[in-house]
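See structure below.
Values quoted throughout were computed directly from the atomic coordinates according to the rules given, and no laboratory measurement underlies them. Everything numeric here is computed off the predicted structure, so don't read it as measured data. Neighbour counts run over all protein chains shown; Cβ positions are idealised from the backbone, glycine included.
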């Protein structure tokens with residue numbers, strides 16, 4: 001049964017991915033196309049081109065893919081200067097004996113495979129970075145020499161930390177895949193990795209049971225192995241709804257989770273899905289996501305269910 005769940009805030013690639021699935025393409029091919037469209041959209045400031053930079057003004061990209069048929073995975077972190085981390089992550093999965101490359105090594109591999117280069121920092125993102133520095137009293141001229149730890153704490157604003165793009169899909173052959181891409185928390189400490197490229201935390205896929213992926217404060221997903229836990233709960237016999245709520249309840253047992261929050265997306269092997277979020281008490285809105293299944297002609301947008309904790 002065809003199934004697609006996407007955390008794609010602008011809806012940039014959703015129709016493209018769903019059309020590819022309906023045309024008989026493999027799940028991983030379809031969601032890679034969808035995420036590449038998001039990575040190329042300068043109006044989405046949390047992914048790819050136009051992504052908000054780290055504390056020193058550099059756009060660092062993370063991405064990952066996982067094939068639920070074989071449980072093979074590829075991931076890339078702290079990548080600078082290349083347009084499509086999702087495709088580089090897939091190439092790591094298919095061409096290397098490794099799962100993850102970061103920093104200079106990731107860039108070297110991207111160059112070896114002829115990946116598309118790009119200047120990722122747009123004028124709008126640069127202006128937002130400069131405005132944040134000024135508002136928080138950070139001297140831009142001294143960034144190369146000053147301690148950044150205090151500024152990193154000030155930068156952990158959930159408003160600019162939850163924009164990871166995540167896609168989960170099941171194709172006509174029953175194969176399941178997951179993919180993620182992000183520029184990470186805005187104004188993060190240089191070199192920071194969130195959950196997006198961490199298999200088991202930010203994403204997981206297994207044909208036998210389902211797939212899961214996360215957006216939000218990635219540190220929370222890393223500390224609870226959130227995506228893998230969700231799929232394991234399905235393996236234990238829980239429904240996708242029960243699995244998501246069990247995993248989110250565990251995340252909410254962390255004493256400091258209310259400083260941020262996150263959203264968990266999941267699909268199961270039977271064509272079901274569940275998406276739940278837990279956020280700061282003072283957040284009065286909920287994110288939206290896209291979903292399509294079966295013979296739907298177009299994906300629909302829905303509100304994320306908010307966890308009552």
Requested in this report: Pop a pseudo-label 7 angstrom from the Cα along the beta-carbon direction at both residue 302 and residue 108 and give the gap in nm to one decimal.
Outcome: 4.6 nm
Query raised in the report: Could you state the number of Å between the C-alpha centres of region 39-102 and region 170-212?
Result: 10 Å
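Where does each of 2, 61 land when they are ranked from fewest to most other beta-carbon atoms within 10 angstrom?
Fewest to most other Cβ atoms nearby, the residues stand as 2, 61.
Using alpha-carbon pairs under 8 Å, 6+ residues apart, how would you state the relative contact order of region 3-306 in percent?
So the answer I get is 22 percent.
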Query raised in the report: Please state the relative contact order of region 231-300 as a whole percent: Cα pairs under 8 Å, 6+ residues apart?
Result: 25 percent
Query raised in the report: Using the alpha-carbon atoms, what tilt in degrees (0 to 90, nearest 10) does helix 123-135 show relative to the longest principal axis of the chain?
Result: 60 degrees
Requested in this report: Report the full-extension gain for the segment residue 130 to residue 1: residue separation times 0.36 nm, less the Cα-Cα distance, to one decimal in nm.
Outcome: 41.7 nm
Query raised in the report: What do you get when you divide the Cα radius of gyration of region 3-306 by 2.2 N^0.38 Å, with N the number of residues?
Result: 0.93
Report task. Would you calculate a helix-derived [θ] at 222 nm for the chain, using -39,500 (n - 2.57) for each DSSP H run of n ≥ 4 and dividing by the full residue count, to the nearest 500? Result -> -9000 deg cm²/dmol
Query raised in the report: For the chain, modelled as a GNM with alpha-carbon contacts under 10 angstrom, which of 127, 208, 150 fluctuates the most?
Result: 150
Query raised in the report: Quick one: helix 240-251 against the long Cα principal axis of the chain, what's the angle to the nearest 10°, folded into 0 to 90?
Result: 30 degrees
Query raised in the report: What residue among 37, 154, 186 has the largest mean-square fluctuation in a Gaussian network model of the chain, using Cα springs under 10 Å?
Result: 154
Report task. Taking the chain as the reference, fit the longest principal axis to its C-alpha atoms, fit the long axis of helix 27-39 to the helix C-alpha atoms, and give the angle between the two in degrees, 0 to 90, nearest 10. Result -> 30 degrees
Query raised in the report: Using 0.36 nm per residue, how much length does the chain from residue 241 to residue 141 gain when fully extended, once their Cα-Cα distance is taken away?
Result: 31.0 nm
Report summary line: Expected unfolding gain across residue 94-residue 56 under the 0.36 nm per residue rule, minus the alpha-carbon gap, is 10.4 nm
**Report entry** Sorted by Cβ density within 10 Å, fewest first, the residues 98, 273, 145
**Finding:** 145, 98, 273
